[in-house]
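Participant: Mind looking over this structure? Questions follow.
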Amino acid sequence: MKVVIVGGVAGGASCAARLRRLDERAEILMVERGPYVSYANCGLPYHVGGAIEDESSLLVATEQMFRETFAIDCRTNCEVVGISAESKTVEIKNRLSGEITTEKYDKLLLSPGSAPIRPPLPGIDLPGIFSVRTVPDAKNIREWLDRDVDRSVPYPFTGPDTVSKPKKAVVIGGGFIGLEMVENLVHRGLEVTLIEKLNQVMPPLDTEMARLVERYLSKHGVRIALGDGVAGFRESKTGSLEVLTDSGKVHPADIVILAIGVRPETELAKMAGIEIGKLGGIRVDEHMRTSNPDILAVGDAVEVKNFVTGQWALIPLAGPANRQGRIAADVIAGRDSRFRGTQGTSICKLFDAAIAQTGVSEKQLIALGDTDYEKIYLYPNSHAGYYPGTKILPMKVLFRKSDGRVLGAQVLGEDGVPKRIDSFAMAIQMGCTIYDLEESELCYAPPFSSGKDPVNFAGMIAANILRGDMPVCHWDDTEDGFLLDVRNPPEVSVETVPGATNIPLPQLRSRLGELPRDREIMPFCRSAQRSYYATRILLQNGFKVRNISGSMLTRSHRAGD
Ligand code: FAD
């Protein structure tokens, strides 16, 4: 059996190595357009920033290793430029010599990845505007940042400041790659402006959670321009760049990073006549087979089923690409392996913090017209409060109202984020409910967690809601309620909520007579913990009550603010 693999990085290299482990006799040819196979594109922003100084450490495996260890015919600088599904052949162009050769295949795996979107805007090809996809991209960015900018050209300014390194960067796009580039450019001492067309950064997050990220970026000196698209680029009078936006603003820049998303590379798939989905990715079944049974496809180029919603989606992440590559190898070798779908589990480092999510967001549920869900906000300590270094972990958790199944989680903070998001990710994958989260036995010692881990807390709060022990509401539905502020007077003096009545929690039992019995009472405090206690007191005294989830902490980062 001869297997040709197009693309030698995440999905392609995983498939090639696994296939060799399963089948010593298969003839495997892996073709990679770029100069390297199996490089860590996820590490590129950190190479730009200098945390990963040595370029060679980004090369997880080499062409030689594939040849010697796996007996794989691995060809770099070679591009598959043609496919004939009828004759089961591919045409391969050697990018160094220009020579084109034809190879037959029994099975073909497409893992060509996705290409950064570069819209045809005026000035987009000016020097100094970069995308980040490959090792050479990162190298070019580093060289650009290391060069001396002669600011006397073309206008004859004089003085010692006329020559300097690039000082101002504009990053366009506030997704993962954009944010990672922002951080790394700040590390290199640049003044960074982030431009994002949407009204929030980090699109997979719900907007109110993204507000915390935006606040954090501002704290680190990053200028943010939300809700403004890029209209074009031009050279400035001093020879650097200017980024023009739809609103008419002009942002000066010595370097521009374009990170406005990626699109699946599907040219070869179209050439082979295989089905392309509505979202523009290659359609595959759970075995990673395309509409042609001899052609499989994996990675960023394919559409996947969202594990939670069952909808087709484009979710370009390294983990799914690697797992799909492995599954494709199994299937080629005759095994019955299946891909379960992608739940979008992801994490992004931002200065000292991490931003992570898994499963669905509320806006995805709203877009689907799904109303069978409830959400909670909580702000637990990342580990025992008495052990140094504890940080607040803002969390949003979504779950089914009807059966308690966990649907999604978003966790941000400066300590312990991955531990929590991975717990939620596993829970979602296993179809767990919030009652399972209540009971989960998670590791604990003071530097890492608390006797009740934040994930347990989430389960307990959500289970309290579903069991009717703590009816819940959110700031958006408080209009007709009686707002009851149970904080202490010093807290209230710092920030008040218009129309709220303040009865500090310790006085509540003795002042029940001041509360209406014909209206729904909506207690709140700082984080919704004391207002939960108030909710229990009021419920047991016959009042109609709903606790405001997240209370003042959630109010401080509402989407509209
Ligand atoms: P790739 O790994 O991109 O490999 C595709 C390869 O195919 C490319 O090298 C390309 O040159 C080659 N190719 C394309 N067409 C041809 C052809 N015709 N002939 C021969 N070769 C061809 N994901 C995460 O989960 N976490 C992260 O932290 C993360 N960070 C990232 C940071 C950056 C800067 C980038 C660019 C991506 C990041 N990703 C991250 C996404 C992750 O890298 C991708 O989801 C993953 O690499 C996709 O795997 P793939 O095999 O589909 O494509």
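The values are calculated or read from the model by the stated rules, or taken from the named source; none is laboratory data. Treat the numbers as computed from the prediction; the structure is a model and nothing was measured. Positions of Cβ are generated from backbone atoms using ideal geometry, with glycine treated the same way; all protein chains shown enter the neighbour counts. Ligands, DNA and RNA are excluded from the accessible area calculation, which covers all protein heavy atoms including side chains. Shrake-Rupley method; radii C 1.70, N 1.55, O 1.52, S 1.80 Å.
Participant: Do any strands (runs of 3 or more DSSP E) entirely within the stretch 313-384 hold 1 or more residues that are away from the ligand (no atom under 16 Å from the Cβ) and open to solvent by less than 20 Å² (accessible area, probe 1.4 Å), and if so, which? Break it down stepwise before answering.
Facilitator: On the way: elements: 346-350, 353-359, 373-378.
Hits in the stretch 313-384: 373-378.
Participant: Let me ask another. What number of residues within the stretch 258-272 satisfy the criterion of being surrounded by 15 or more Cβ atoms within 10 Å (Cβ to Cβ) and either farther than 30 Å from Gly82 by Cα or not β-branched (Val, Ile, Thr) (or both)?
Facilitator: Narrowing the stretch 258-272 to residues surrounded by 15 or more Cβ atoms within 10 Å (Cβ to Cβ): 258-266, 268-269, 271-272.
With the extra rule that they be either farther than 30 Å from Gly82 by Cα or not β-branched (Val, Ile, Thr) (or both), the set shrinks to 258-259, 261, 263-265, 268-269, 271-272.
Qualifying residue count for the region: 10.
Participant: Could you count how many residues in the stretch 77-113 are more than 9 Å from the ligand (Cβ to nearest atom), part of a loop (DSSP other than H, G, I, E, B) and open to solvent by less than 30 Å² (accessible area, probe 1.4 Å)?
Facilitator: 2
Participant: Further question on the same structure: What about Gly280, is it at positive phi, more than 13 Å from the ligand (Cβ to nearest atom) and over 24 Å from the mean Cα position of the chain (by Cα)? I'd like the intermediate steps shown before the answer.
Facilitator: Values: at positive phi: yes; more than 13 Å from the ligand (Cβ to nearest atom): yes; over 24 Å from the mean Cα position of the chain (by Cα): no.
No: the conditions fail for Gly280.
Participant: Return the total of residues in the stretch 277-302 being among the basic types (Lys, Arg) and either outside any loop (DSSP other than H, G, I, E, B) or within 16 Å of Gly12 (Cα to Cα) (or both).
Facilitator: Going through the stretch 277-302, the residues among the basic types (Lys, Arg) turn out to be 278, 283, 289.
Next, from what is left, pick out any that are either outside any loop (DSSP other than H, G, I, E, B) or within 16 Å of Gly12 (Cα to Cα) (or both): 289.
Adding up the residues that qualify gives 1.
Participant: Being under 24 Å from the mean Cα position of the chain (by Cα) and either closer than 16 Å to Ser240 by Cβ or open to solvent by less than 50 Å² (accessible area, probe 1.4 Å) (or both) is the filter here, so list the residues in the stretch 114-135 that pass it. Explain how you work it out, then say what you get.
Facilitator: To start, the set of residues in the stretch 114-135 that are under 24 Å from the mean Cα position of the chain (by Cα) comprises 114-119, 129-135.
Ser114, Ala115, Pro116, Pro119, Ile129, Phe130, Ser131, Val132, Thr134, Val135 - these are the residues of the stretch 114-135 that are under 24 Å from the mean Cα position of the chain (by Cα) and either closer than 16 Å to Ser240 by Cβ or open to solvent by less than 50 Å² (accessible area, probe 1.4 Å) (or both).
Participant: Another question, if that's okay. So the check is Cβ under 9 Å with 6+ separation or different chains; which pairs have a first residue in the stretch 62-80 that's at pLDDT below 95 and a second one that's crowded, with 16+ Cβ neighbours inside 10 Å and among the aromatic types (Phe, Trp, Tyr)?
Facilitator: Thr62/Tyr36; Glu63/Tyr36
Condition check ((1) within 15 Å of the ligand (Cβ to nearest atom); (2) assigned to a loop (DSSP other than H, G, I, E, B); (3) within 17 Å of Gly334 (Cα to Cα); (4) of a type in the set (Val, Ile, Thr)) across all residues:
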position	(1), (2), (3), (4)
Val4	yes, no, yes, yes
Gly12	yes, no, no, no
Ala17	yes, no, yes, no
Arg25	no, yes, yes, no
Leu44	yes, no, no, no
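Participant: When the stretch 295-305 is examined, which residues are found to be open to solvent by less than 40 Å² (accessible area, probe 1.4 Å) and either over 28 Å from Asp370 (Cα atoms) or touching a helix residue (DSSP H, G or I) at 6+ places or on another chain (Cβ under 8 Å) (or both)?
Facilitator: At the first step, the residues of the stretch 295-305 found to be open to solvent by less than 40 Å² (accessible area, probe 1.4 Å) are 295-299, 301-304.
Of everything in the stretch 295-305, those that are open to solvent by less than 40 Å² (accessible area, probe 1.4 Å) and either over 28 Å from Asp370 (Cα atoms) or touching a helix residue (DSSP H, G or I) at 6+ places or on another chain (Cβ under 8 Å) (or both) turn out to be Ile295, Leu296, Ala297, Val298, Gly299, Ala301, Val302, Val304.
Participant: Being charged (D, E, K, R) and either open to solvent by 30 Å² or more (accessible area, probe 1.4 Å) or without any contact (Cβ under 8 Å) to a residue 40 or more places away in the chain (or both) is the filter here; which residues of the stretch 212-257 pass it?
Facilitator: Going residue by residue through the stretch 212-257, those that are charged (D, E, K, R) are 214-215, 219, 223, 228, 234-235, 237, 242, 246, 249, 254.
If the condition is that a residue be charged (D, E, K, R) and either open to solvent by 30 Å² or more (accessible area, probe 1.4 Å) or without any contact (Cβ under 8 Å) to a residue 40 or more places away in the chain (or both), then Glu214, Arg215, Lys219, Arg223, Asp228, Arg234, Glu235, Lys237, Glu242, Asp246, Lys249 are the ones that fit.
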